[in-house]
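Down below is the structure, laid out as structure tokens.
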Amino acid sequence: MSAEYATFGLAPAMRPGGVLANGDYQVHREFVDFVVDGCPLLFQLSDLDAVSPLASDVPPAIFTAQVRSLLLETEAPLPAGRYIVYGCPECADLACGAVTAVIERDGEDFIWRDFAWQTEEHADLELNGYHGIGPFRFRGTEYRAALASLLEADEDAASHGERRRVLLIGARVALLAKLAAALRTIGIGADIAQDADGVPAGELRGYGAVVFGRSVPDPRRTAVREAFDAAGLEVPLVDAYAPIVPLLVAQTEQVLDNRPPDQRRLTSLGFSDGAAEVEVTSSCRVTLTAHRIDRLSRTHTHEVFDAILPPGLHRIPLDPKPLKPTSYLVARTANTVLTTPANH
């Protein structure tokens, strides 16, 4: 085992929710990720859709128990000293699969080793081991300080990942109601209003963004902006691309994601000359979905790309048939969602 030390840290992360092309819902999850030698550990696991046990939506007592478990203050939850490092973002059931590792002390140091994909009580390292990852030796002071900071943080601290809300403003109440329901389904709070007049500053602080319907007049948009300015708040103001719920959910997810670029797998999305331009920071699966509304107000959704991409900037020619001058693209990876108009 290498005696070299790896650095250990923590960073806010998220698994974006959304309404997928087939109509299924994907739950929004916020969690604290492990950063090893300056890079999220999850990025070393190829295209894994998973979250750490340090999720923001678990009860405080369970969150604290997970932290103390990683500090080895309690017995390992799995045989042979194995701990769950990443689990299913939908149900956290071991049967769905989880990344596990042996966590142990060596003097003052903490060691993570023998990473494996596990679906039952015992791990098969020969068949399902991550042979290219670890072992990692962490200095005890650095390791304990990082995890202990989670126990000391206030409940509203960003490292704890508070649940965010959005304010929806527009004239099409039926559409906004569908959007609010979809956002709540994936774990994002949403309220509908005509404007922000008379709303106390304390209530405005609960919103991470404002989404405007396309029919909202400019004076009302200005009044909403001034209401937040008067409360001393800076929040993103989003203009809806089109009255398409899955597209609006993706726009909302994108604007609520305030992580630095190095914590995202997908860092840019553009469209020009019939091709999507996508940049990823680590090898991952990227899906591109095109949305549009035709002249009869019918919604059209087409999945136009789905493949594993290596790190770097990629230009992806797309079939022009599903793309019209009023189309919009949604790009997804396991931890990022971006949107852009696909104008010809």
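The values are calculated or read from the model by the stated rules, or taken from the named source; none is laboratory data. Because the structure is predicted, anything quoted here is derived from the model rather than measured. Don't worry about glycine lacking a Cβ; one is built from the backbone with ideal geometry, like all the others, and counts go over all protein chains shown. All accessible areas refer to the heavy atoms of the entire protein, side chains included, with ligands and DNA or RNA removed. Shrake-Rupley method; radii C 1.70, N 1.55, O 1.52, S 1.80 Å.
Given a Förster distance of 41 Å, report the FRET efficiency between residue 39 and residue 272 from their Cβ-Cβ distance, rounded to the nearest 0.05.
Approximately 0.85, to the nearest 0.05.
If contacts are Cα pairs under 8 angstrom and at least 6 residues apart, what is the relative contact order of the chain in percent?
For the chain, the relative contact order is 15 percent.
Full extension from residue 24 to residue 61: what is 0.36 nm times the residue separation minus their Cα-Cα distance, to one decimal in nm?
Answer, rounded to one decimal: 10.2 nm.
Restricting to bridges with both residues inside the chain, how much of the DSSP beta-bridge set is antiparallel, in percent to the nearest 5?
85
How many Å² of accessible area per residue for region 1-126, probe 1.4 Å?
44
Just flag the GluC sites (Glu not before Pro) in region 44-115 sitting in loop per DSSP whose Cβ has no more than 13 other Cβ atoms within 10 Å.
73, 75, 108
Could you please state how large a percent of the accessible area of the chain is carbon and sulfur, counting protein chains only and using a 1.4 Å probe?
Answer for the chain is 50 percent, counting heavy atoms of protein chains only.
Using the Karplus curve 6.51 cos²θ - 1.76 cosθ + 1.60 with θ = phi - 60°, what ³J(HN,Hα) values do you get for each residue of region 85-101, in whole Hz, with x for Gly and Pro?
Coupling constants for region 85-101: 9, 9, x, 4, x, 8, 9, 6, 8, 4, 4, 6, x, 8, 8, 10, 8 Hz.
Evaluate E = 1/(1 + (r/R0)^6) for residue 185 and residue 139, where r is the Cβ-Cβ distance and R0 equals 51 Å; express this FRET efficiency to the nearest 0.05.
So, using R0 = 51 Å, E works out to roughly 0.75.
Over the Cα atoms, compute the radius of gyration (one decimal) and Dmax (the largest Cα-Cα distance, rounded to a whole number) for region 48-108, in Å.
Looking at region 48-108, its Cα Rg and Dmax stand at 11.9, 37 Å.
Describe numerically, in nm with one decimal, the distance between label points set 7 Å from Cα along Cα→Cβ at residue 283 and at residue 92.
3.1
Nearest 20 debye, what's the magnitude of the dipole of the chain about its Cα centre given +1 on Lys and Arg Cβ and -1 on Asp and Glu Cβ?
Using Cβ point charges on Lys, Arg, Asp and Glu, the chain gives about 1380 debye.
Can you give the alpha-carbon Rg of region 210-344 over 2.2 N^0.38 Å, where N counts its residues?
1.14
How far apart, in nanometres, would the label points at residue 4 and residue 177 be if each is projected 7 angstrom from Cα along the Cα-to-Cβ direction?
6.1
How large is log10 of I(q)/I(0) for region 166-211 at q = 0.20 Å⁻¹ when the intensity is taken from the Debye formula with one equal scatterer per alpha-carbon?
-0.63
What GluC sites (Glu not before Pro) in region 203-248 are in a loop by DSSP, with at most 16 other Cβ atoms within 10 Å of the Cβ?
234
Please work out the Kirkwood hydrodynamic radius for region 1-132, using every pair of different C-alpha atoms, and report it in angstroms with one decimal place.
Evaluated on region 1-132, it is 15.7 Å.
Just the number, please: Stokes-Einstein D of region 253-327 in µm²/s, Kirkwood Rh from C-alpha pairs, 4 °C, 1.567 mPa s.
For the chosen part, D equals 94 µm²/s.
How many Å³ per residue does the convex hull of the Cα positions in the chain occupy?
So the per-residue Cα hull volume is 147 Å³.
Under a no-solvent Debye model with one identical scatterer per Cα of region 148-289, what's log10 I(q)/I(0) at q = 0.09 Å⁻¹?
-0.34
I'd like the isolated cysteines in the chain, meaning no second cysteine's beta-carbon lies under 4.7 angstrom from theirs.
Result for the chain is 39, 91, 284, no neighbouring Cys Cβ within the cutoff.
Can you give me the Rg/Rh ratio for region 222-298, using Cα atoms for both radii and the Kirkwood formula for Rh?
Over the Cα atoms of region 222-298, Rg/Rh equals 1.04.
Over region 236-329, what is the relative contact order in percent, taking alpha-carbon pairs closer than 8 angstrom and at least six residues apart?
26
At 0.36 nm per residue, and after removing the present C-alpha to C-alpha distance, how many nm does the segment from residue 120 to residue 300 gain when stretched out fully?
60.7 nm
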